[in-house]
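Just so it is clear, none of the values below were taken in a lab; they were calculated from the coordinates. The model shown is predicted, which means the values in this text are computed figures rather than measured ones. In this analysis, Cβ positions are derived from the backbone assuming ideal geometry, glycine residues included, and neighbour counts consider all displayed protein chains.
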Amino acid sequence: MQLDLLNQLRAQVPLVVNYANYVTPNFVANGLNALGASPIMTSEVDEADDLVKITNTVVINLGTINHYETDLVWQLCTSAVKYHKPIVLDPVAVGATAYRLDIAQKLLQDFPIAVIRGNVGEIAALAQVDWATKGIDAGTGDADPAAIAKACATRYHNVVALSGITDYITDGQQLFKVGNQTPLLPLTVGSGDLLSSIIGAFVGITDNYYEAAQVGCAVLACTGEIAAQPLHSHEGGTFAARLLDKLTIVDKEDILEILK
Ligand SMILES: Nc1ncnc2c1ncn2[C@@H]1O[C@H](COP(=O)(O)OP(=O)(O)O)[C@@H](O)[C@H]1O
Ligand SMILES: Cc1ncsc1CCOP(=O)(O)O
Ligand SMILES: [Mg+2]
């Protein structure tokens, strides 16, 4: 795993344009900023091309997608192709409604999405694997998450980061797992959104999107473990603040010391 990407990120301060949902943008922006990237959220189609021209990456989060903003999303992705900028997709709750699934599938059909980051319910929906999805959460099913992730990456010819108690990162062939975890991460609404944008920041500084996704998952999972260490299982609010504190100072050595 190329953990040197963390030092590279802090040296390069990649700009990450986020089409964010309206629930967690502040947490995502603060998390990116704490890690050393430079976030910008936008909701204006008339500035999309100018923003993408100067960005490292475009992150599309479908958490609160709506028919007023589909033109903005398509413009951000069209400009990303024009300026050869990678796109990361977070298909929030894509299995919950036909509307969300349709939008996600059209995006994947129309644009070369570099990385899809989602929980198992979301990735299963895109891979068309049976799974009982539950809104924004992972839901339940029998299929093997690693196989679901591989099926999704193979279908869309990209990298998939399937997050969960273990994170599975795959390009359809290779598979990498991150075993570090704390229950306080899934307890924090927005931790998945932040993970997608952190992966976006790493994708913005290397052409090896498979490596970038591995490092993004390892950084959040390990920093989460470090932040959670002194806390009780109900202290999600304190955890979110401590996570931002630790993202500011976590380094390659901290991660290598505990990486599982
Ligand atoms: N059951 C779990 N136990 C511990 N960590 C988890 C669990 N599920 C997800 N995570 C971690 O929480 C973070 C957010 O992932 P996840 O909750 O899967 O995304 P989302 O919020 O989009 O559903 C990731 O770092 C992931 O590794
Ligand atoms: C609750 C909610 N509703 C639409 S987006 C969103 C936040 C999802 O955040 P995450 O996927 O990181 O838990
Ligand atoms: Mg999510």
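Odds and ends about this structure:
- Meets criteria (acidic (D, E) and within 24 Å of A240 (Cβ to Cβ)) for D90: yes
- Pick from segment 157-167, criterion within 30 Å of H232 (Cβ to Cβ) and buried (at least 24 other Cβ atoms within 10 Å of the Cβ), ranking: nearest to ligand 3 (Cβ to nearest atom): S163
- Subset of segment 1-29 that is among the polar types (S, T, N, Q) and within 16 Å of ligand 2 (Cβ to nearest atom) - its residue that is surrounded by the most Cβ atoms within 10 Å (Cβ to Cβ): N18
- Some residue of segment 210-219 being part of a strand (DSSP E or B), β-branched (V, I, T), surrounded by 24 or more Cβ atoms within 10 Å (Cβ to Cβ) and away from ligand 2 (no atom under 16 Å from the Cβ): no
- Some residue of segment 152-168 being within 16 Å of ligand 2 (Cβ to nearest atom), under 17 Å from the mean Cα position of the chain (by Cα) and in a helix (DSSP H, G or I): no
- When residues in segment 232-242 are screened for being in contact with a Leu (Cβ under 8 Å, 6 or more places away or on another chain) and either closer than 24 Å to L6 by Cβ or in a helix (DSSP H, G or I) (or both), 4 of them pass.
- Cβ separations smaller than 7 Å between residues 6+ apart or across chains give the following pairs from segment 183-196 residues that are in contact (Cβ under 8 Å) with a residue 24 or more places away in the chain to residues that are in a loop (DSSP other than H, G, I, E, B) and within 7 Å of ligand 1 (Cβ to nearest atom): S191/L185.
- Residue in segment 98-118 that is within 16 Å of ligand 3 (Cβ to nearest atom) and without any contact (Cβ under 8 Å) to a residue 40 or more places away in the chain present: yes
- Any pair with Cβ under 6 angstrom, 6 or more apart, that starts in segment 127-142 at a residue that is closer than 14 Å to L101 by Cα and in contact (Cβ under 8 Å) with a residue 40 or more places away in the chain and ends at one that is away from ligand 2 (no atom under 12 Å from the Cβ) and assigned to a strand (DSSP E or B): T133/G139
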